[in-house]
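Accompanying notes for the structure given below.
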Amino acid sequence: MSAVNDTKFKSAVLLLTGIPHQEDIYLWISVPFCIAYVILIVGNSLILFIVKIDRSLHEPMYIFLSMLAVTDLGISITTMPTILGIYLFNSREISLNACLAQLFFIHFLQCIETSMLLLMAFDRFIAIRYPLRYVSILTLPTIAKMGLMILLRAMVIILPLPLLLKRFPYCRDNVLSHSYCLYQEVMKMSCSDITVNSIYGLFTKLLLMGLDSVLIFLSYVMILKTVLSIASHAECLRALNTCVSHFCAVLLFYTPEISLSVIHRFGKGSSPLLQILLGYMSLLLPPLMNPIVYSVKSKHLRARIIRVFVK
């Protein structure tokens, strides 16, 4: 009997949730999602294409931007099937194994993204503090090693999440609160003691977003300290202007993500619609806006993109 129950729990079917009480207009709701996915896929792919073909953009800043674009594309591709499946085809069911795979890739790619934002803050600090040694410090082998360390860090921290959930039996309500799978959501459906899982989930948030956000803040403190020591007011403003795109990317990523994490852990009486909207913002807003922000603020990148379309 125990084996039968274990098989049942391991092959459980979970139900994803769209926007509550709006089922009649799901097809219309799918339109902005489809538009957003098209824009973010085209935008990030265009960034990768421009940086690849234009050798003048083979600089650390644009290489880091390319790595961020790849991460954003990965997050979009991971969430697209379930989100569009709900609003286009009303397909809510997802198997437990597929759900665990999706939540692994979502958290894995978000871990890479927060690490990328930290590296890009470090890149801006080096560019402003040591402009003459910028290229010699951030060489291609150095950037490759940084990328490898990011991948290993994300794998070591995130891989235990689905493994911890896989060993649990699930006997509670199988309806998730989002159109995709998150660790906190699946964990709460277990009928076992989830204390260890909850502590580890909090530990990963503090280790990743907590530590990275603090280091990004310290990077900006050092950037400001360096900039304020510049005698020329025009040069001071020019140096700060190079950080605007990255600062916007940090706000786009951390604001909805931290808000959603706080609501999941402490906002039991909060509006479900607010959780759903913050969830969509945390996954779709950074991939959608990052190419736009960098294209608008980077004169060199904008010129290359315009040249491609003019041709």
The residue that is modelled with the lowest pLDDT, considering only those in the range 1-60 that are under 30 Å from Y134 (Cα atoms) and acidic (D, E), is D54
Considering only residues that are of a type in the set (D, E, K, R) and either crowded, with 18+ Cβ neighbours inside 10 Å or assigned to a helix (DSSP H, G or I) (or both), which ones fall in the range 192-240? K205, D212, K225, E235, R238
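Specify which of the listed residues (S91, S115, S76) is under 20 Å from Y37 (Cα atoms), of a type in the set (G, A, S) and modelled with pLDDT of 90 or more.
Every option except S76 fails the conditions.
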Expected output for the range 34-45 (first residue more than 16 Å from T82 (Cβ to Cβ), partner part of a helix (DSSP H, G or I) and among the acidic types (D, E), Cβ below 6 Å, 6+ apart or cross-chain) is N44/D72
Within the range 169-207, the residues that are among the aliphatic types (A, V, I, L, M) and touching a residue at least 24 places away in the same chain (Cβ under 8 Å) are V175, L176, L182, V186, M189, I194, V196, L202, L207
With (1) assigned to a helix (DSSP H, G or I); (2) modelled with pLDDT of 85 or more; (3) hydrophobic (A, V, I, L, M, F, W, C) as the list, and C181 as the residue in question, which single condition is left unmet? (1)
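Quick check, is S271 modelled with pLDDT under 85, under 16 Å from the mean Cα position of the chain (by Cα) and of a type in the set (S, T, N, Q)? Step through it out loud before you land on a result.
Working: modelled with pLDDT under 85: yes; under 16 Å from the mean Cα position of the chain (by Cα): no; of a type in the set (S, T, N, Q): yes.
In short, no.
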Take S295 and decide whether it is hydroxyl-bearing (S, T, Y), touching a residue at least 24 places away in the same chain (Cβ under 8 Å), farther than 30 Å from S30 by Cβ and buried (at least 18 other Cβ atoms within 10 Å of the Cβ). no
Just to be sure, is R172 farther than 30 Å from V227 by Cα, modelled with pLDDT under 90, surrounded by fewer than 21 Cβ atoms within 10 Å (Cβ to Cβ) and not acidic (D, E)? yes
Residue check for I305: more than 22 Å from S30 (Cα to Cα) and not basic (K, R): yes
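The values are calculated or read from the model by the stated rules, or taken from the named source; none is laboratory data. A quick note: this is a predicted structure, and the numbers were derived from the prediction, not measured. For neighbour counting, all protein chains shown are included, and Cβ atoms are generated from backbone atoms with ideal geometry for every residue, glycine included.
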